[in-house]
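Chemist: The following block contains the structure, expressed as structure tokens.
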Amino acid sequence: MFLNLEPLYSSIVENIKERVSKLARPPKLAAVTCQPDPSTLSYLRSQEKQAKRLGIEFAVYEAPKASDLKLLLPKLSADDTVNGIFLTHPLPSDISELEAVSLISPEKDVEGRHPISLGNIMYDNPIFPPCTAEAVLRIIKYVTNPSGKRITVVGRSVTVGKPLSMLLLQKGVDATVTVCHSRTKDLAEITKNSEIVVVAIGKAKALGKEYFSSGTLVIDVGINVENDEIFGDVDPSVAEICELTPVPGGVGRITTLVLMEHTVKAAEMARKY
Ligand code: NDP
């Protein structure tokens, strides 16, 4: 069956609204775009709507070239009215992801992409973990206690697979984690032997029922757009034998909320100094 994430969603919304109401002024999220394509623009519009619903200020800044980014990101990082900085893809070709995200102050790195944010996870001290990885952890904890469970993460990207595997390994979370990727042999044997499987590979409906044992919790991170339709990385028929997160409306929806929650946390932290 498909997992109903509505109660988790609503509880995060309520928590954010309550925390925003306690701040002296609304938190502000700055979205930076470089060369936005139609999907980036539509993503930005939905983020803006969500921010406004939660009482978070949202402003878009344009930095078409690497030289613009190199000026804008430090400027926003030093701007006391900005709490969180959110950098959209695609980036200009003459700046690497690592170089770009390193220009954001770690205190405002609400997407969790700065090397310091990623390093903090290694010390079991995640302050701003990558939003999708945190969203997946929230969903897993909402359904079950991950302690001691065999959890397989399929995908090893810096945004999803790698940080998620480290979050799951943290003391207090205590999962037994296997990470798979495109060179993994006998993937189905590994996933079938897991109690929880997270799939983040970027291939529409790639994993079908033959990859899972019945009763497994399957978290589908994939967002693949084909002919204006959105598909996950897992074939929806898997919901006939497993608990499966829906796409759309699953991990992506919680991820957006985590980004907003991080912005509120950044504002709360700034208030303390
Ligand atoms: P990447 O392309 O950066 O990474 C994909 C990973 O999957 C790589 O590690 C790759 O292995 C592995 N992989 C690819 N094909 C296979 C395969 N057949 N079997 C096993 N492993 C495979 O993607 P992202 O991590 O950025 O994103 C993954 C998916 O999640 C995408 O659909 C993306 O749109 C979606 N996404 C959703 C978000 C949300 O909020 N819901 C946020 C971010 C992403 P290798 O390293 O060997 O190449």
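Every number in this text was worked out from the coordinates using simple rules, so none of it is lab data. Not measured: the values here are computed from a predicted model. With ideal geometry, Cβ positions are generated from the backbone for all residues, glycine too; neighbour counts draw on all protein chains shown.
Chemist: Tell me, what HN-Hα J-couplings in whole Hz come from the Karplus equation 6.51 cos²θ - 1.76 cosθ + 1.60 at θ = phi - 60° for each residue of segment 27-32, using x for Gly and Pro?
Modeler: For segment 27-32, the Karplus curve yields x, 10, 10, 9, 9, 10 Hz.
Chemist: Also: Which far-off residues, 5 or more places away or on another chain, put their amide H under 5 Å from the one on residue 87, with H placed in the peptide plane?
Modeler: Amide H neighbours of residue 87, under 5 Å, 5+ apart: 32.
Chemist: Shifting gears a bit: Give me 114, 89 sorted ascending by neighbouring Cβ count inside 10 Å, so fewest comes first.
Modeler: 89, 114
Chemist: Also: Exposure proxy check: 211, 123, 43 ranked by fewest other beta carbons within 10 Å?
Modeler: Fewest to most other Cβ atoms nearby, the residues stand as 123, 43, 211.
Chemist: Using a Gaussian network model of the chain with C-alpha springs under 10 Å, which one of 120, 15, 83 is most mobile by mean-square fluctuation?
Modeler: 15
Chemist: Within the set 22/265; 149/192; 28/65; 108/203; 49/141; 28/52, which residue pairs have Cα atoms separated by over 21 Å?
Modeler: Over 21 Å apart, Cα to Cα: 28/65; 108/203; 49/141.
Chemist: What FRET efficiency, computed as 1/(1 + (r/R0)^6) with R0 = 25 Å and r the Cβ-Cβ distance, is obtained for residue 214 and residue 189, rounded to the nearest 0.05?
Modeler: 0.95
Chemist: Under a GNM of the chain (C-alpha, springs under 10 Å), which listed residue has the highest mean-square fluctuation: 168, 98, 76?
Modeler: Comparing 168, 98, 76 in a Gaussian network model of the chain, the most mobile one is 98.
Chemist: Give the distance, in whole Å, between the Cα centre of segment 6-56 and the Cα centre of segment 64-93.
Modeler: Comparing the Cα centres of segment 6-56 and segment 64-93, I get a distance of 18 Å.
Chemist: Rank 133, 66, 30 by mean-square fluctuation in a GNM of the chain with C-alpha springs under 10 angstrom and give only the top-ranked residue.
Modeler: Taking springs between Cα atoms under 10 Å, the residue moving most is 66.
Chemist: So, in nm, how far is label residue 145 from label residue 4 when the simple model puts each one 7 Å beyond its Cα toward the Cβ?
Modeler: Once both label points are built, they end up 2.5 nm from each other.
Chemist: Another one. I'd like the FRET efficiency for residue 98 and residue 68, computed as 1/(1 + (r/R0)^6) with the beta carbon distance as r and R0 of 22 Å, rounded to 0.05.
Modeler: Efficiency, rounded to the nearest 0.05: 0.75.
Chemist: Let's test the formula: R0 of 30 Å, r as the Cβ-Cβ distance of residue 41 and residue 81. What FRET efficiency results, to the nearest 0.05?
Modeler: Calculated transfer efficiency: 0.80.
Chemist: Continuing with the same structure: Based solely on its DSSP helices, what 222 nm [θ] is calculated for the chain when runs of n ≥ 4 H residues each add -39,500 (n - 2.57) and the sum is averaged over all residues, nearest 500 deg cm²/dmol?
Modeler: Rounded to the nearest 500, it is -12000 deg cm²/dmol.
Chemist: Work out the length of the dipole vector of the chain about its Cα centre, built from +1 on the beta-carbon of each Lys and Arg and -1 on the beta-carbon of each Asp and Glu, and round it to the nearest 20 debye.
Modeler: So the magnitude is around 640 debye.
Chemist: Of 127, 39, 200, whose Cα points farthest to the positive end of the dipole of the chain (charges on the beta-carbon: +1 Lys, Arg; -1 Asp, Glu; origin at the Cα centre)?
Modeler: Sorting the options by dipole projection puts first 127.
Chemist: Just want the ordering: 260, 1, 166, from fewest to most Cβ atoms lying within 10 Å of their own Cβ.
Modeler: 1, 166, 260
Chemist: Considering Cα pairs under 8 angstrom that are at least six residues apart, work out the relative contact order of the chain and quote it in whole percent.
Modeler: 19 percent
Chemist: Now for a separate question. Hand me the trypsin sites (Lys or Arg not before Pro) from segment 184-273 located in a DSSP loop with no more than 10 other Cβ atoms within 10 Å, in residue order please.
Modeler: 185, 272
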